[in-house]
Amino acid sequence: MLRRAIAAVAWLSLIFALACSSALPPPPPGTSPPKAGGAAAQPSGAGAPLDDVMVAEGDPGPVPVTRADPARGSRLAPVTIVVFSDFECPFCKHLDGTLKQLERRYGPEQLRIVWKNFPLAFHRQARPAAEAGMAVFAHAGPSAFWAFHDAIFAADERLSPELEAAALRRAGVTPGQVKQLVQRSAAAQKVDADMALAARLGVNGTPASFINGVALVGAESAERFAEIIDAQLASARALRAEGTPPEQVYAALAKKSFAPPAAEPEDAEEEEERRTVHLVPVGDSPARGKDTALVTMVLFSDYQCPFCRRITPTVEKLAAQYGDKLRVVWKDNPLPFHPRAEPAAELALEARAQKGDAAFWQANDRLLAVEASLDDAALEALAADLQLNVAAVKRAIASRKHAAKIEADMELADDLGAAGTPHFFINGRRLVGAQPLEKFQALIDEEIAKAEAMVVAGTPRAKVYESIQKQAVPPASPPKVSVPPPSKGHPGKGAAAGKVVIQMFSDFQCPYCARGGATMDELLKAFPGKVRVVFRHLPLPFHPEAQLAAEAAMEALAQQGPAGFWKMHDRLFKAHDASNLDRAALEQHAASIGLDAARFARALDERTHRAAVEADAQTARSAGITGTPGFVINGYLVSGAQPLAKFKKVVRRALREAN
C-alpha cells in the first residue's frame, strides 16, 4: 500500500528500540544474489569445505542460502539461522555473542549460521564494511570472512575506518587491496541483493533472523532462540522419518515456517495521498521532452542506487511510448550511504555546464548503465569519452562545484518526503520505487486525460503543468516546538553570537547521540560564524549509566569550563557500553583530563549536578521530546541522527528567517 511503499524508501532515524531500524526502496522483481568467485576450496569456520555449507540444488525456499553467503556449520544441519546484520549496529554485536553461545550448545552438525548484509542508512561505516566483508569472502573464503567479522564484533569500540582496516589485516587482506577486491568480486551487487531479499522478506531493521524461515527480530535471548531451534529440530526429525533427504530439510522447513509480511489494507488516508498533487517545481533541472508535454514526470534519483538503475529501461520505454506527451525531469538525491553518487552527479552537471543538456543526458545514461563503475578513474574515462574538459571535470568533483544545485534538489526531496530513490512525481502525484511499467502507464494515462480536458477548456499546452501546480499542495513546514533559550551556563561551541542556536538533547549511553554530535561538528564547519551548538541533557530511563555520566560531564564543566565539558563529552562517547560509563570509568576519564579527583568524586557522591541535568530533561519533556538525540534549531525540531543534508536545510531556513 502507498504508506508502506513510502515508508519502505524512507531513511528512518531510530530513537530507541530493541533493534536498530532502517528501510530501503521496494525490491525490484527477479533480483538474485551474484555468485562469489575464487573461494570454493576454502574451509569454513566449522572446518568443512565451502560446498558443505550450502544448500542443495533445486527449490531454495523463501529464505535462500547460496554459495555467495558466508556460513558456519554443515549444509546438512537440520536448523539454519539466516541473519540479516549490520557491522555498525550495537544490537547485532550483542546478537553475535548469543549466536556463538547457541553454536556451542548445538554444534555444527545441528546448527548452521548464515550471514546476509543489511547495512543501515544512518550507519555510515556499515555499507563500506559490508562490501569489504563480501570482497574478503570472495577472495579468501569463509574463514577469512569470519576472521574479519569477529575482529569487528569483538572490538570494544564502534566501527570506524581504523577498526575496519585492522579487521582486514586479521583476515589476511591489506586495506590497500580492498578497493580492487570489492570491484573484482561484485561485492556491492551482493550487498544490494541481500538488501533486496530482506525487503521481500519484510525486514526493516537489524538484527533480523530467520530460523528455518521463522522470523525473530532483534537481539533476543539465547533461550528465545532455543525455543524455536528445538521445535525445528523436532520438525526436522519428523521430515527425515518421512524420507526427506537431509539436504532438502532446510528448504522444506523454511517454506513451511515462513510467514510472508502482511499487506496493509489501504485506508482513506492512503487513498487521499494517492490522489494528492504535490508542489514539485521543475526549476532549471535537466529535462527530456518538450515543455508542451501534457505530463511532467519528476524523478528523484541516485546514480549508485541499484533500483534507480533497474528502473531506467522502464523510463526509456515510457518516453518512447508517450513521445511528446511526456517530459522527464531529473533531480539528484544522492543517499548518504552511496558515497559515489554525489561525484557522479557532479560529473553529469559539469557535462551540462560544458556542453548543454544533450551532454548531461549522455552522461546520465552512461552513469546509470548496469555495469557502470563510479570510481574516480571511471568518471575520468567517461568525461574523456564524452569529449569533456577532463581537468575541469576533476576540479568540479574535487571542489563540489555543483553542490548547491545538488543540495537544493535534496532539500526539495526532503520537503516532499522523497527520502529514498527512485521517487517519482507524475504531474505532482507520487509513485514510489522501481514499480512495474503498468503502474506508470495507469497513472500517466489518467493525467493525460485530465490534461487533454484542460487543453480543450483553453489552457495552452505549455501551461498545463504550471496550471496543475497552482492547485498543488505545498510541503509542510518542519515541526516547531517551544524550548526556552539556553542559559550562559549551558556548554556550547561554535559562534558565540550565531544567529542560529541548536539545542542538542542528548544521552551519553545512546549510540545515535554520538553520531548526532559528530554531525553537529560537520555543521559548524559548513556554517562558520553563523551557528552555535548547545548541549542539553536527556538521560533516558532505560539507560542506567546515562544520568551519572551526565553529572560527570557537568562537573567537568564546573572545573574547567566548556573546554573541560567537551573533553569529557568526547571520552564518554568513545565506546557505547556500560563499562565506559560506570563509576570507575568516570573517575578514569576525570583523571585523564586533569580534573581534581577528590572534588569530582564528591560531586558524584553528593549528586551536585543532578538538579541541572533533570532540569534539562524536564525542558525536553515539556516540549514533547522523549527520545534522543533531539535537536531544536531556532525552534524547529529535528528528531534522530539525521543526515547532514537534513540539518543544513533547516539551518538555511532558520538563517533566512533570522535575516
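The values are calculated or read from the model by the stated rules, or taken from the named source; none is laboratory data. Model, not experiment: these values are computed from the prediction. Reconstructed Cβ throughout: ideal geometry from the backbone, glycine too, with neighbour counts over all protein chains shown. Side chains included, ligands, DNA and RNA excluded: accessible areas come from the protein's heavy atoms. Shrake-Rupley method; radii C 1.70, N 1.55, O 1.52, S 1.80 Å.
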With unit charges on the beta carbon (Lys/Arg positive, Asp/Glu negative), name the residue among Ala645, Pro422, Tyr106 whose Cα is farthest towards the positive pole of the charge dipole of the chain.
Ala645
Classify the range 334-489 as rounded, prolate or oblate from the Cα gyration tensor: take a ≥ b ≥ c as the square roots of its eigenvalues, call it rounded if a/c is under 1.5, otherwise prolate when a/b beats b/c and oblate if not.
oblate
If each K or R counts +1 and each D or E counts -1, the residues other than Gly494 whose Cβ falls under 14 Å of its Cβ total +3
Please give, to one decimal in nm, the separation of the simple spin-label points placed at Leu644 and Arg607, each 7 Å out from Cα toward the Cβ.
4.1 nm
From the protein chains alone at 1.4 Å, what is the descending order of accessible area for Ser160, Ser399, Ser373, Ser482, largest first?
Ser482, Ser399, Ser373, Ser160
The chain: longest stretch without exposed GluC sites (Glu not before Pro) (DSSP loop, at most 16 other Cβ within 10 Å), sites themselves excluded?
372-605
Quick calc: nm separation of the 7 Å Cα→Cβ label points for Ser467 and Asp445 -> 2.4 nm
When all protein chains stay in place, what accessible area (Å², nearest 10, 1.4 Å probe) is found for Lys480?
120 Å²
Relative to the Cα centre, what is the charge dipole magnitude of the range 563-626, using +1 at the beta carbon of each Lys and Arg, -1 at the beta carbon of each Asp and Glu, and rounding to the nearest 20 debye?
80 debye
Roll a 1.4 Å probe over the protein chains and send me the accessible area per residue for the chain in Å².
41 Å²
Ranking Ala166, Phe118, Phe300 by how far each Cα lies towards the positive end of the charge dipole of the chain (+1 on Lys and Arg Cβ, -1 on Asp and Glu Cβ), the top one is Phe300
From the Cα trace of the range 86-158, what convex hull volume per residue do you get, rounded to a whole Å³?
87 Å³
Compute, for Asp570, the solvent-accessible surface of its heavy atoms (probe 1.4 Å) with the complete set of protein chains present, and express it in square angstrom to the nearest 10.
90 Å²
So what is Rg over Rh here for the chain, counting just Cα atoms and using Kirkwood for Rh?
0.99
Distance between the range 387-420 and the range 555-634 - C-alpha centres, whole angstrom:
39 Å
Probe radius 1.4 Å, ligands and nucleic acids ignored: give me the carbon and sulfur share of the accessible area of the chain as a rounded percent.
54 percent
Relative contact order, percent, of the chain when contacts are C-alpha pairs under 8 Å separated by at least 6 residues?
14 percent
Given charges of +1 on the Cβ of Lys and Arg and -1 on the Cβ of Asp and Glu, with all other atoms neutral, how large is the dipole of the range 198-275 about its Cα centre, in debye to the nearest 20?
700 debye
Net lengthening on full extension, Val370/Arg237 (0.36 nm per residue, minus Cα-Cα)
43.4 nm
With every protein chain left in place and a probe of 1.4 Å, what is the accessible surface of Leu637, to the nearest 10 Å²?
30 Å²
Inter-probe distance in nm under a simple model that places probes 7 Å from Cα toward Cβ, at Val456 and Asp230
7.2 nm
My understanding is that a pair violates if its Cα-Cα distance is over 21 Å; which of Lys116/Lys190; Lys493/Lys530; Lys530/Lys649; Lys405/Lys525; Lys317/Lys463 do that in this structure?
Lys317/Lys463
Quick one: net charge around Ala556, please, counting Lys, Arg +1 and Asp, Glu -1 for every other residue with C-beta under 13 Å from its C-beta.
-2
So if I place +1 on the C-beta of Lys and Arg and -1 on the C-beta of Asp and Glu, and nothing else carries charge, what would the dipole magnitude of the chain be about its Cα centre? I want it in debye, nearest 20.
1280 debye
